[in-house]
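Following: one structure in structure tokens, then a few remarks.
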Amino acid sequence: MEEKLVTIVVLPYSKAQMLKVRLEEQDIECDLEDINLMEDAATSVQVKILEKDIRKAVPVLDEFLGKKFEKERKEEEKDDHVLVPVDFSPVTFKTCKMAFNIAAHLQVKLVFMHCYINPVVHSVPYADVYVYDTTLLERMDNAEKNANENFRKFIRKLSSDIGKEKWRSVNSEFIIKPGYADEDILAYAHENNSRLIVMGTGGDSGLVMGSVTADVIYNAKVPVLVIPEDSPEKEILDLQKVVYATNFDEKDFSAIDKLIGILKPFDVKVFCVHVGKGESSDWDKARLEGMKDVLKSKYERKDFDCRLLVGENILETLDKFIKEENIDIISLTTHKRNMIARLFNPSIARKMVFHSNTPLLVFHA
């Protein structure tokens, strides 16, 4: 009986060739098969191996795409890019349009990544004994076909909405693979030093952050822009005001430096705000003035406004400021874990709908 070939990933041609070399170094036979995910775009390639080699191939694929990101990353040049996960949820279309516009203005590549559960790959144990399930191949075929077809339809709709001429102005790359979304997003972003990850809130409701989004925010070492499902759709040039919530941490200036790098092409006003209680206001004012002086001297062409917000409840005080100033993006650093946890706590969200329509840009501290 002829052995069946199975697809382990869809990659751009150049990366598929590199993976083929690595697989063959491990004595794993590998075939490449062209597919057209998108008309008038670079051909994507299915990387296929024999079913019997799946156990050996999975670790090679994981390492190739950066799954073992805990190890020290080599300081080699990487393609400057924005990474946008695609899961076909209601917010994904809005998220991808925002990511596309950011990549276009930053003049960097846009990488679309879709992960789906493959019953064969995720049934392979790293043990000596493997019980074969005869239904796996049929289920695997269906998972692969559905993933490719859904992705193809999604990209065609997205490119049509953006416009063919504008779509061609951005270098796009497509990755489709079996896997777990949170692990693969983080691994790829860290291994390839993504400029920015852009993703939706996920979950069944705009009031609750999805588990994948939460995992990426807490663990990403690169900036993450989260687009709520209920946020109004805006052109990138319509984003005029960004608030950075500071707690006078030594990592603030590093985060602001990254923030300015992302905002560089845009005419955006940046508010640096601190929410404090009345009794500490004088000391907080002094620290804010010092912060303002440093920022003004370092970024002469950027419009900074440092504000002290006095209030007992940080969320209510910050929310009031965001509404009064018509803030377009909230920015935080991940060391404020308690703040982020409270932001997405369902009971608070139902009461205040604090984050329901304001994108959140999170930096790793």
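The values are calculated or read from the model by the stated rules, or taken from the named source; none is laboratory data. Only a predicted model underlies this, so the values are computations on that prediction, with no experimental measurement involved. Positions of Cβ are generated from backbone atoms using ideal geometry, with glycine treated the same way; all protein chains shown enter the neighbour counts. These accessible areas exclude ligands, DNA and RNA; they are computed on the full protein's heavy atoms, side chains included. Shrake-Rupley method; radii C 1.70, N 1.55, O 1.52, S 1.80 Å.
Data overview
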| read-out | value |
| --- | --- |
| Of residues in the range 335-365 being among the small types (Gly, Ala, Ser) and either farther than 24 Å from Ile260 by Cα or at pLDDT 80 or above (or both), the one surrounded by the most Cβ atoms within 10 Å (Cβ to Cβ) | Ala349 |
| Only listed residue being modelled with pLDDT of 85 or more and open to solvent by 50 Å² or more (accessible area, probe 1.4 Å), chosen from Glu25, Glu2, Glu75 | Glu25 |
| Residue satisfying condition, being outside any helix (DSSP H, G or I), touching a Leu at 6+ places or on another chain (Cβ under 9 Å) and modelled with pLDDT under 85, within set Leu332, Leu309 | Leu332 |
| Subset of the range 304-324 [within 27 Å of the chain's Cα centre (by Cα) and among the acidic types (Asp, Glu)] | Asp319 |
| Every pair of residues 6+ apart whose Cβ atoms lie under 6 Å, when the first sits in the range 240-262 and is among the hydroxyl-bearing types (Ser, Thr, Tyr) while the second is open to solvent by less than 60 Å² (accessible area, probe 1.4 Å) and not in a helix (DSSP H, G or I) | Tyr244/Cys272; Tyr244/Ser331; Thr246/Cys272; Thr246/His274 |
| Residue within the range 297-319 that is of a type in the set (Phe, Trp, Tyr) and out of contact with any strand residue (DSSP E or B) (no Cβ under 6 Å at 6 or more places or on another chain) present | yes |
| Top-ranked residue of the range 240-252 - restricted to ones that are open to solvent by 20 Å² or more (accessible area, probe 1.4 Å) and in a loop (DSSP other than H, G, I, E, B), ranked as modelled with the highest pLDDT | Gln240 |
| Output for the range 253-296, where each listed residue is open to solvent by less than 80 Å² (accessible area, probe 1.4 Å), out of contact with any strand residue (DSSP E or B) (no Cβ under 7 Å at 6 or more places or on another chain) and closer than 19 Å to Thr317 by Cβ | Ser280 |
| Residue in the range 256-272 that is part of a helix (DSSP H, G or I), at pLDDT 80 or above and of a type in the set (D, E, K, R) present | yes |
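Residue by residue, here is whether (1) of a type outside the set (S, T, N, Q); (2) at pLDDT 85 or above; (3) at positive phi; (4) crowded, with 21+ Cβ neighbours inside 10 Å holds:
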| site | (1), (2), (3), (4) |
| --- | --- |
| Met113 | yes, yes, no, yes |
| Asn118 | no, no, no, yes |
| Val170 | yes, yes, no, no |
| Glu191 | yes, yes, no, no |
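For (1) assigned to a strand (DSSP E or B); (2) within 15 Å of Cys96 (Cα to Cα), each residue gets a yes or a no:
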| position | (1), (2) |
| --- | --- |
| Asn146 | no, no |
| Arg152 | no, yes |
| Lys157 | no, yes |
| Asp161 | no, yes |
| Val170 | no, yes |
| Ile175 | yes, yes |
| Ala187 | no, no |
| Asn193 | no, no |
